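The structure appears right after this line, and notes come after that.
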Amino acid sequence: MTFKELNIIEPILRALEEKGYINPTPIQEDAIPVVLNNRDMLGLAQTGTGKTAAFSLPIIQQLYLNKVSGKNREIKALILTPTRELAIQINECLNDYTKYTGLRHCVIYGGVKQNAQTNELKKGIDILVATPGRLLDLMNQGFINLNSIRHFVLDEADRMLDMGFIHDIKRLLPKLPREKQTLLFSATMPSTIAALSRSILRNPARVEVSPVSSVVDTIQQYLYYVEKPEKKDLLIDLLKKDKKKSALVFSRTKHGADKIARILCKAGIGSEAIHGNKSQNARQRALTNFKSHKTRVLIATDIAARGIDIDQLELVVNYDLPDVAETYVHRIGRTGRAGNAGTALTFCAQDERPLLKDIQKLTGKTLPVLTS
Ligand code: AMP
């Protein structure tokens, strides 16, 4: 299957070729025909599956075919996403995918001054990527009107609810026109998401890709039984053994993330932490440094790391086990992308054993144990 066979048209095909996308991913194969048909969709897919292109390419194509003119610059597509990092990332994808279409787009998120964002909006925008808080804020100030929305994407809906955005979403929904296409993406399907999708989707197609375990199969996973006080020395040893590898280390708390970064820096291993207490600029800087290999190790909390897209990340370390088993899959899914080799190491202390049991149950795998 090719993008052309999925009826993707020339200005977009050209952009995909430049990106080096040769074939569509499974979710793209399933979702693109549904979205091009202007049907509502429930997408069960995680980050790393190519879901951003799965919803944005056919939306871009529909807008392009409807010949958006310079005068008609109301916002026609809204992509709502829980974190700033994800919003920025989706916007970067749109930079590439819309390159030859003449469509305009921008991104708005909180934690930074609003002027640059409102200036962009004033120029006239076809596609808006937003986090909920800043969106409502700028709507209330009169900078944004959603009366012309034809396509609405609710991305990472499960995470959106986990982060307490349900009230923001409920406030937003009545401001959108009734006649529109709605696409809801979620990695998991708890009853709250089932209820939300029933209330906002009309006769949706359900598109589901790679059950959790098959994502996990492509990554080499190992376990260390190690108590809390020894975790830092183990991490330093492992990072010193293989001096070139970039590593993403997950910490359960913000404070813990800072502490690990300090300890590693002291041991001569370049590292930075990202979490919600850091300013947006500091987070973005740390991410850029990591992506360009200026810093070797990035320590992140789950929310800050959500959806972070790093090509060729070889190593993920679970310094602490996550509270929710699905989070383990999200975490390790950052490595082993697109057929690259990836390793995930998990540090499990005695009191974390129940969490480990949940993870092994979810993935259907018993993690092989290594000793330090
Ligand atoms: P996503 O799940 O949207 O975060 O995408 C995961 C990664 O896959 C991103 O780095 C995309 O650039 C990449 N990607 C998406 N679609 C394709 C494709 N058809 N071929 C190759 N890479 C892709």
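Given the structure, is residue 15 in the same structural domain as residue 188 (by TED's automatic domain parsing), within 20 Å of residue 202 (Cβ to Cβ) and within 13 Å of the ligand (Cβ to nearest atom)?
On the way: in the same structural domain as residue 188 (by TED's automatic domain parsing): yes; within 20 Å of residue 202 (Cβ to Cβ): no; within 13 Å of the ligand (Cβ to nearest atom): yes.
Judged against the criteria, residue 15 is not a match.
Within the stretch 81-96, does at least one residue satisfy the condition of being open to solvent by less than 10 Å² (accessible area, probe 1.4 Å), over 15 Å from the mean Cα position of the chain (by Cα) and in the same structural domain as residue 176 (by TED's automatic domain parsing)?
no
Any idea how many residues of the stretch 171-196 are in contact (Cβ under 8 Å) with a residue 60 or more places away in the chain and open to solvent by less than 10 Å² (accessible area, probe 1.4 Å)? So that I can check it myself, show each step before the final result.
Taking the stretch 171-196 and keeping what is in contact (Cβ under 8 Å) with a residue 60 or more places away in the chain, we get 172, 176, 181-189.
Narrowing further to those that are open to solvent by less than 10 Å² (accessible area, probe 1.4 Å): 172, 181-186.
Number satisfying all stated conditions: 7.
When the residues of the stretch 43-62 are narrowed to those that are open to solvent by 10 Å² or more (accessible area, probe 1.4 Å) and more than 9 Å from the ligand (Cβ to nearest atom), which ends up nearest to residue 92 (Cα to Cα)?
Going through the qualifying residues, I end up with 62.
Could you go through the stretch 278-286 and let me know if any residue there is within 16 Å of the ligand (Cβ to nearest atom), open to solvent by 60 Å² or more (accessible area, probe 1.4 Å) and at pLDDT below 95. Even if it seems obvious, please write down each step before you answer.
Of the stretch 278-286, the ones within 16 Å of the ligand (Cβ to nearest atom) are none.
No: zero hits.
If I ask for residues that are more than 22 Å from the chain's Cα centre (by Cα) and open to solvent by 30 Å² or more (accessible area, probe 1.4 Å), which ones from the stretch 140-169 would you list? Show your work before the answer.
Applying the first criterion (more than 22 Å from the chain's Cα centre (by Cα)) to the stretch 140-169 yields 140-150.
The answer is 140, 141, 142, 143, 145, 147, 148, 150.
For the stretch 308-329, which positions are within 16 Å of the ligand (Cβ to nearest atom) and at pLDDT 80 or above?
Matches in the stretch 308-329: 313, 314, 316, 329.
Being hydrophobic (A, V, I, L, M, F, W, C) and in a helix (DSSP H, G or I) is the filter here; which residues of the stretch 114-163 pass it?
Within the stretch 114-163, the first condition is being hydrophobic (A, V, I, L, M, F, W, C), and the residues that meet it are 116, 121, 125, 127-130, 135-136, 138-139, 143-144, 146, 149, 152-154, 157, 160-161, 163.
Across the stretch 114-163, the qualifying residues are 116, 121, 135, 136, 138, 139, 157, 160, 161.
Each row is one residue, and each column tells you yes or no for (1) more than 7 Å from the ligand (Cβ to nearest atom); (2) at pLDDT 90 or above.
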site: 11; (1), (2): yes, yes
site: 23; (1), (2): no, no
site: 26; (1), (2): yes, no
site: 38; (1), (2): yes, yes
site: 65; (1), (2): yes, yes
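Can you list residue pairs whose Cβ atoms sit under 9 Å apart, with the first residue in the stretch 146-170 being in the same structural domain as residue 43 (by TED's automatic domain parsing) and the second being acidic (Asp, Glu)? Count only pairs 6 or more apart in sequence or on different chains.
If the second residue must be acidic (Asp, Glu), the pairs left are 146/74; 147/74; 148/74; 149/74; 150/179; 158/326; 160/168.
How many of the residues in the stretch 288-305 are closer than 22 Å to residue 160 by Cα and crowded, with 22+ Cβ neighbours inside 10 Å?
Of all residues in the stretch 288-305, those closer than 22 Å to residue 160 by Cα come to 300-305.
Retained after the next criterion (residues that are crowded, with 22+ Cβ neighbours inside 10 Å): 300, 304-305.
Summing the residues that are closer than 22 Å to residue 160 by Cα and crowded, with 22+ Cβ neighbours inside 10 Å in the stretch 288-305 gives 3.
Find the residue count for the stretch 3-38, including only residues that are among the basic types (Lys, Arg) and outside any loop (DSSP other than H, G, I, E, B). Break it down stepwise before answering.
Of the residues in the stretch 3-38, the ones among the basic types (Lys, Arg) are 4, 14, 19.
Okay, now just the ones that are also outside any loop (DSSP other than H, G, I, E, B), so 14, 19.
Of the residues in that region, 2 qualify.
Could you tell me which numbered condition residue 348 fails, if it satisfies all but one of (1) open to solvent by 30 Å² or more (accessible area, probe 1.4 Å); (2) at pLDDT 95 or above; (3) of a type outside the set (Val, Ile, Thr)?
That leaves (1) as the condition not met.
The values are calculated or read from the model by the stated rules, or taken from the named source; none is laboratory data. Just so we're clear, the structure is a prediction, and the values are computed from it rather than from any experiment. All Cβ positions, even for glycine, are placed from backbone atoms using ideal geometry, and neighbour counts span all protein chains on display. Side chains are part of the model used for accessible areas, which takes the heavy atoms of the whole protein and leaves out ligands, DNA and RNA. Shrake-Rupley method; radii C 1.70, N 1.55, O 1.52, S 1.80 Å.
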